[in-house]
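Below: one structure, written as structure tokens.
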């Protein structure tokens, strides 16, 4: 074989190899174009009255597939134990997984084992419907989701609260502002316990707010509930231009799917970012209770998220020596969702409170054996956020 023949053979082999590589990359890109998008699982029967299914790695209720990762809307969790009570809890592992393709198959890096595993075989995509096979006999279908974000209301601050349940559901409060400023309280069955603050990056903040925008909260009901007992209550308060524009009370995750999907990233901020601790009693916040305004024989009990929102406003207000005429007495409404023995024995109030009065703008906290403290919000919290009809008779 001559030198010229050898060179020709090598060049031909190299060219064929390059063409094969290019062809494989084109096929892979075409494959990804078919699966990329936001998807909601289609069910063969009506599941509108079913309890929201638990997060599933194999059968996600909803997901976003991008060019190199997949977001599973219900997230990933593994079993854990509460350090104080010993009760079973769940540890959050995130929402995103990297994936890779091989011919017509999709593989994921399992968050529990950190091993690559086969999950689906691509069957077909017909317009806005995606079909994937788990095995030779089971095919699941997904419908493409589309949202017109420009037509949906954006918010300046979102406050999420969970009450606990008959068991070990987390008892937490989280406030997220559009600029990324976060205030967090871990009250029970969660790590960490106490009050904390942090700043999240723009990408994380944008993701949280977009999730709730897609749920279109202003068009949702004020209250949702399942038909059984002993579940947790979730409340979300939406703030626009310094005013509460909507609060939703969701008992047992009975709300529409987009709202439930939005719960996951906001309720797990504390698991994915470093937090800075805050003093436990500055300003005073009732343990396992919420603020309730009383005037004559009328009361205005705040939802858990509304109560924590008021605290976030007091947190950034200034202390004042100004005198004011009290209009409301503030009492503390108990968290009546069952949570059992005190799940946060480590938290103790710095001072024992004697009374709390306000005219809506000034809030005077009086303590036993300590000097009183008055905070000036700079505006009337009641007049701005509530109507006279929101008050009800005291039973």
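Readers should treat all values here as calculations from the given coordinates under stated rules, not as data from a laboratory. Quick caveat: nothing in here was measured; it's all calculated off a predicted structure. Every residue, glycine as well, gets a Cβ built from its backbone with ideal geometry; the counts of neighbours run over all protein chains shown.
Structural remarks
- Of [x] 1.24; [y] 1.08; [z] 1.19, the label for Cα Rg over 2.2 N^0.38 Å derived from the coordinates: [x]
- Note: relative contact order over segment 289-393, using C-alpha pairs below 8 Å and six or more positions apart, is 30 percent.
- Adding -39500 (n - 2.57) for every DSSP H run of four residues or longer, then dividing by how many residues the chain holds, sets the calculated 222 nm ellipticity at -6500 deg cm²/dmol.
- Contact order for the chain, expressed relative to its length and based on alpha carbon pairs under 8 Å spaced 6+ residues apart, stands at 12 percent.
- When 310, 149, 218 are arranged by Cβ crowding within 10 Å, least crowded first, meaning fewest neighbours, the order is 149, 218, 310.
- Stretching residue 355 away from residue 277 to a fully extended chain increases their span by 25.4 nm, per 0.36 nm per residue minus the current alpha-carbon distance.
- Extension gain for the segment residue 118 to residue 216, taken as residue separation times 0.36 nm less the Cα-Cα distance, is 31.7 nm to one decimal.
- With Cα atoms defining each centre, segment 286-318 and segment 187-252 are spaced 17 Å apart in the structure.
- Shape call, segment 334-394: gyration tensor on alpha carbons, a/c limit 1.5: oblate
- Modelled spin-label separation between residue 26 and residue 246, with each label point placed 7 Å from Cα along the Cα-to-Cβ direction: 4.7 nm.
- FRET efficiency, residue 225 to residue 126 (Cβ-Cβ, R0 35 Å, nearest 0.05): 0.40
- Cα gyration tensor, segment 289-393 - rounded (a/c under 1.5), prolate or oblate: oblate
- The chain: angle of helix 202-215 to the longest principal axis, Cα-based, in degrees nearest 10: 80
- Cα centroid separation, segment 67-98 to segment 136-185 (Å): 15
- Principal-axis tilt of helix 304-316 within the chain, Cα atoms, nearest 10 degrees: 80
- Across segment 149-277, Cα pairs under 8 Å and at least six residues apart give a relative contact order of 28 percent.
- Each peptide in 346-352, 104-110 receives the mean, over its residues, of other Cβ atoms within 10 Å, and ordering these scores from highest gives 104-110, 346-352.
- The packing ranking of peptides 311-317, 223-229, highest mean first, is 311-317, 223-229, where packing means the average number of other beta carbon atoms within 10 angstrom of each residue.
- By the count of other C-beta atoms within 10 Å, a proxy for reagent exposure, 138, 253 are ordered fewest to most as 138, 253.
- Expressed to the nearest 5 percent, the antiparallel share of DSSP beta bridges inside segment 149-277 is 90 percent.
- Maximal additional length on extending the residue 202-residue 148 stretch stands at 17.3 nm, based on 0.36 nm per residue less the C-alpha distance.
- Exposure proxy shown here: for 190, 182, 236, 245, the number of other Cβ atoms within 10 Å sets the order, fewest to most, as 245, 182, 190, 236.
- Cα gyration tensor category, rounded, prolate or oblate, for segment 180-274 with a/c compared to 1.5: oblate
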